[in-house]
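Report on the structure given below.
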Amino acid sequence: MTAGLPAPGPDGMPRCPWALGSPEYLPYHDKEWGRPVRDDVGLFEHLCLEAFQSGLSWLTILRKRENFRAAFRGFDIEAVAGFGSADISRLLADAGIVRNRAKIEATVTNARAALDLPSGLAEIVWRYAEDQREPPVSLSDIPSSTAASKALSKELRSHGFVFTGPVTAYATMQSCGVVNDHLAGCAFRGRA
């Protein structure tokens, strides 16, 4: 196997190599990553989880995902926007999630900002979908940010969002199918 290129999974189907690092990655890669998410709650969840992932392994977040969903009321934007200091204290004591005050407070701030968007979060994020470039052949062909993710980050920040830099914005775009970064040889590229 050549580093960074698609590799066969347990069923022999070629996948993006990152999906083979742990059994938890397989269903996420095969059934979710890169598939279009067009609803505000789904996009909000992805944006929040990508922000929590900053500086950590995605596997850490993936393993705690159900705990995050429970702690943040299914990422219901209105519910999270109503969180106050007691909720922040509750979340900081919750060992099932990443207990980082800045990231927890950013999630609440971002929920409040999302509520104020006249056309909704999904409409803004999908505005930055671009014509797909050539499919990436290896992991080294995938950027950490793009001009579109920089512009999305700037727009989100202009609406009061925090912890949504260009890298987090791009990771959200990837996970929500705004861009398709499954590798050219990945069996799941055409399914996204």
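The values are calculated or read from the model by the stated rules, or taken from the named source; none is laboratory data. Remember, it's a predicted structure, so these values are computed and weren't measured experimentally. With ideal geometry, Cβ positions are generated from the backbone for all residues, glycine too; neighbour counts draw on all protein chains shown.
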Exercise. Could you tell me which residue of the stretch 167-192 is nearest to the chain's Cα centre (by Cα), considering only residues that are more than 14 Å from I142 (Cβ to Cβ) and not hydrophobic (A, V, I, L, M, F, W, C)?
Key: T172
Exercise. Can you tell me which residue within the stretch 45-62, out of those that are among the aliphatic types (A, V, I, L, M) and under 18 Å from D76 (Cα atoms), is surrounded by the most Cβ atoms within 10 Å (Cβ to Cβ)?
Key: L47
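Every residue, every condition in (1) small (G, A, S); (2) modelled with pLDDT of 95 or more; (3) crowded, with 21+ Cβ neighbours inside 10 Å, yes or no:
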site: R90; (1), (2), (3): no, yes, no
site: V108; (1), (2), (3): no, yes, no
site: A111; (1), (2), (3): yes, yes, yes
site: A114; (1), (2), (3): yes, yes, yes
site: G160; (1), (2), (3): yes, yes, no
Quiz prompt | Residue in the stretch 123-158 that is nearest to R189 (Cα to Cα), counting only those that are touching a Gly at 6+ places or on another chain (Cβ under 8 Å) and of a type in the set (A, V, I, L, M) | solution = V137
Quiz item: If you scan the stretch 20-43, which residues turn out to be of a type in the set (A, V, I, L, M, F, W, C) and either farther than 14 Å from Q174 by Cα or in contact with a strand residue (DSSP E or B) (Cβ under 8 Å, 6 or more places away or on another chain) (or both)?
Solution: L20, L26, V41
